[in-house]
Amino acid sequence: MDANSEAELADILQRAASSRTAVGKLTDRYPLDLDGAYRVQRLGIDRRVARGERIAGVKMGFTSKAKMAQMGLHDVIWGILTDAMAVPVASYAVPGVPGATRSDPYGVSGLIHPKVEPEIVFRLGRRASSADDAVAAVDAVAVGYEILDSRFENYKFALPDVVADNASAAGYGIGPWHLLPGIEGAPGAPSAPGTPSTPEISDLSVTLAVNGETVKTGSSAAILGDPWESLRSAARLAAEAGLPLEEGWIVLAGGITEAVPLTPGAVVTVTAEALGTAELRCAPSCPSPASSAP
Ligand code: OOG
Ligand code: MG
């Protein structure tokens, strides 16, 4: 596909998000391959940056068997996160829940068909030049969640579709940071307070609850056997794309369980043993911030 056609695909996805109208798979109508799809993804991000958004990190997709089975796809992909996709934290204390962050009310009514899934989140204390270097560069880890909102009807897509659609990214939230020793308080890092400790994150049990009821459980080992493997893949893919992981960026390592639908008024808590809880409070029903465009 030529550059004009790729820009056209970026337009289609942007319009789908802003009009809250899902579209059919691009691959049914266009000869879109994976390389072209990543260029379309990047065009969407370039447009966000041109509108004043800042790249905040990357997200990995299809790193767990539960997600692969849910979506019928088997290759690891990645997408790019911006600061406008961050769900703001309202407080670092949730009554009765030790080590938890609570979000501001999050408007879901501006999204098409949002879902939420539990994630492990890494933070880079400095720029990372390779996969090995990225492991050393991580200064904090947290439990978190990702809000997905595919711009495709019924979340039906082939790999190039979902890549072009920035891996269905719509939003993300982060629980309390756990600082790793050595590079605590790295300059430029996000300002969330952390607890100095070295949690072992390779096999943590994780739960996703909606309105106080546990709806999904899993282990962080679902992420490629170990979330650190996902971080390494993220660094490799980012370097290949000429977008090395930068100081202060985050990496969402990949959904641990299947994603569940997100509805107005829902209170979603994602809890990981040793890492604490990230609580997402959906607004009863009000327009979401202008963060739904891919
Ligand atoms: C694609 C995004 C996959 C993950 O964590 O595996 C993803 C989708 O499920 O629509 O974010
Ligand atoms: Mg995800």
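Read-outs throughout are calculated quantities, based only on the coordinates presented, and are distinct from any laboratory measurement. It should be emphasised that the depicted structure is a prediction, and the values quoted were computed from it without experimental measurement. Cβ: placed from backbone, ideal geometry, glycine included. Neighbour counts: every protein chain shown.
Listing for the model above:
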item	result
Overall form of the range 19-95 per C-alpha gyration tensor (a/c, 1.5; a/b vs b/c)	oblate
Projected label distance in nm at D11 and Y92, using a 7 Å step from Cα toward the beta-carbon	4.7
Spacing of the two label points (7 Å from each Cα toward its C-beta) at L243 and T217, in nm	3.7
Angle in degrees between helix 3-18 and the longest Cα principal axis of the chain, rounded to the nearest 10	60
Protection-proxy order for peptides 207-215, 110-118, 82-90, each taking the mean of Cβ atoms within 10 Å per residue, highest first	110-118, 82-90, 207-215
Rounded to 10°, Cα long-axis angle of helix 34-50 versus longest principal axis of the chain	70
Convex hull volume per residue for the chain, taking Cα atoms only, in Å³	113
Value at 222 nm in deg cm²/dmol, rounded to 500, when DSSP H runs of n ≥ 4 in the chain each add -39,500 (n - 2.57)	-7000 deg cm²/dmol
The chain: angle of helix 227-240 to the longest principal axis, Cα-based, in degrees nearest 10	40
Rounded to 5, the percent of DSSP beta bridges in the range 1-156 classed as antiparallel	95
